[in-house]
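Pasting a structure below so you can have a look.
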Amino acid sequence: MTHESFTDIDYGFMKHALSLSKRGLGTTAPNPSVGCVLVKNNHVIGQGWTQPGGRPHAEIHALTSAVSSPDGATAYVTLEPCAHKGQSGACTDALIQANVKRVIIASLDPNPQVNGKGIEDLKAAGIAVLSGCMKEEADKIHRGFFFSLQKNRPLYTAKIASSLDGKIALQCGESKWITNDQSRMRGHSLRANHDAILIGIGTALADNPSLTCRLKGLENQSPKRIVMDRQLRIPITSELVLSAEKIPTYIFTEVSNSKDYPPSVNIITLNNIKDLKEVSRVFLSLGLTRVLIEGGATLLSAFIEEDFVDDIYWFRSNQVIGADGLSAIRSLALRQLSDAKRYKLQELLPLGTDILERRTRRR
Ligand SMILES: NC(=O)C1=CN([C@@H]2O[C@H](COP(=O)(O)OP(=O)(O)OC[C@H]3O[C@@H](n4cnc5c(N)ncnc54)[C@H](OP(=O)(O)O)[C@@H]3O)[C@@H](O)[C@H]2O)C=CC1
Ligand SMILES: Nc1c(N[C@@H]2O[C@H](COP(=O)(O)O)[C@@H](O)[C@H]2O)[nH]c(=O)[nH]c1=O
Ligand SMILES: [Zn+2]
């Protein structure tokens, strides 16, 4: 069903749709964040992206924002239009009713209710449909959604802020700040495009973090916060608990709630919170498809051991802390080098005195 002869014009408009789809990341889960551009006579007449909460879908947003009639237009969509009538009507029906002439798709939707059916329905209505245009780029953007359907877990991204020699805190626990302002701002933009930030109780106790997005204009895109805390040690006076009314906060634990936490704190009790497969299923049930792990070393190492860390954003400063500092990763008790997990370099970005290394898990 893929097509090799897309024109430069097709690539240009699909690139535009892909950039729109990135806008919604972190706000649409469990729905994917899709982009759509409507084009007539080589002019954009409408554009849309999945709206916060996952609805309206990108196609509907584009159709309703169109400045002229979409009759005869080409729709560029980053994901196959939905064919199922969920809480809103199917996007295929909306495109058919709008009388668009062509639909160019990047990725197919693995959702069994859609997978290929979106294309079939459009074709049955006489619309020319081509798929596979910039699929690789679109697949990356939609990974959280795809993982939720195909791997039964969210996409996990690790953010590490370390010294030049890979330390994330001094022995005494001091860690504010290791990386510079530029790195930390980049870290905040990562927060904005994830559904939740995950930390262990060690970090909650040592840093009393807020875990909010404090970038100007994106303050309302702070993700949910999750603390893994087997024995429910997080203090009632912690920043996370105090701000739970404003920003959804979940504490995963193994004990029943014996403290007087405010009702805004969501306490989730599991039999074994070290079972990361089970924890992942619960994350999905909370509608989370993109989770940012912000440490500390113990929690991150557990996810690495499980081979669940998909992306790493490693911010490295110019300081040397030394062997008594806390390493970003704990002992993995490897017996041979061939057992070491490897992460492929995707990007190296200088950030003033720091450097950002972006890596992805090697399959
Ligand atoms: N520079 C940086 O990027 C960062 C630095 N830090 C620094 O790291 C230090 C804290 O690190 P660390 O002590 O390792 O703390 P973590 O945040 O990794 O918390 C570890 C604790 O989380 C609990 N936990 C619950 N579930 C799990 C699980 N499935 N796997 C592993 N742990 C789980 C355990 O405690 P229990 O059994 O009680 O539940 C465990 O001891 C601080 O000094 C902080 O400043 C932290 C984050 C980022
Ligand atoms: N020390 C350190 C980081 N630490 C991370 O940021 C958290 C604090 O977040 P907040 O309270 O929202 O500012 C902290 O608990 C840890 O996860 N991050 C960085 O970009 N650079 C740094 O040098
Ligand atoms: Zn739809």
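The values are calculated or read from the model by the stated rules, or taken from the named source; none is laboratory data. Model, not experiment: these values are computed from the prediction. For neighbour counting, all protein chains shown are included, and Cβ atoms are generated from backbone atoms with ideal geometry for every residue, glycine included.
Which pairs do you get when a residue that is over 18 Å from residue 293 (Cα atoms), found in the range 311-338, comes within reach of a residue that is basic (Lys, Arg) and outside any loop (DSSP other than H, G, I, E, B), reach meaning Cβ atoms under 6 angstrom, with the pair 6+ apart or on two chains?
321/167; 325/167
Another question, if that's okay. Across the range 257-271, which residue is farthest from the chain's Cα centre (by Cα) among those that are under 16 Å from residue 224 (Cβ atoms) and of a type in the set (S, T, N, Q)?
Here the residue is 264.
Then there's this: Which of the residues spanning the range 347-363 are under 18 Å from residue 307 (Cα atoms) and either hydrophobic (A, V, I, L, M, F, W, C) or free of Cβ contacts under 8 Å to residues at least 24 places away in the same chain (or both)?
At the first step, the residues of the range 347-363 found to be under 18 Å from residue 307 (Cα atoms) are 358-363.
Residues satisfying the conditions are 362, 363.
If you take the residues of the range 246-275 that are of a type outside the set (A, V, I, L, M) and within 16 Å of ligand 2 (Cβ to nearest atom), which of them is surrounded by the most Cβ atoms within 10 Å (Cβ to Cβ)? If you could, list the steps in order and put the result at the bottom.
Within the range 246-275, the subset of a type outside the set (A, V, I, L, M) is 246, 248-250, 252-254, 256-264, 266, 269, 271-272, 274-275.
Adding the requirement that they be within 16 Å of ligand 2 (Cβ to nearest atom) leaves 246, 248-249.
Details: 246: 10, 248: 16, 249: 26.
The extreme case among them is 249.
Here is a check on your reading of the model: is residue 186 of a type in the set (D, E, K, R), closer than 18 Å to residue 311 by Cβ, out of contact with any strand residue (DSSP E or B) (no Cβ under 6 Å at 6 or more places or on another chain) and part of a helix (DSSP H, G or I)?
Values: of a type in the set (D, E, K, R): yes; closer than 18 Å to residue 311 by Cβ: yes; out of contact with any strand residue (DSSP E or B) (no Cβ under 6 Å at 6 or more places or on another chain): yes; part of a helix (DSSP H, G or I): yes.
So residue 186 passes the test.
From 164, 149, 190, 170, which residue is under 30 Å from residue 284 (Cα atoms), more than 10 Å from ligand 2 (Cβ to nearest atom) and either at pLDDT 95 or above or acidic (Asp, Glu) (or both)?
Numbers: 164 fails: under 30 Å from residue 284 (Cα atoms); 190 fails: more than 10 Å from ligand 2 (Cβ to nearest atom); 170 fails: under 30 Å from residue 284 (Cα atoms).
Among 164, 149, 190, 170, only 149 is under 30 Å from residue 284 (Cα atoms), more than 10 Å from ligand 2 (Cβ to nearest atom) and either at pLDDT 95 or above or acidic (Asp, Glu) (or both).
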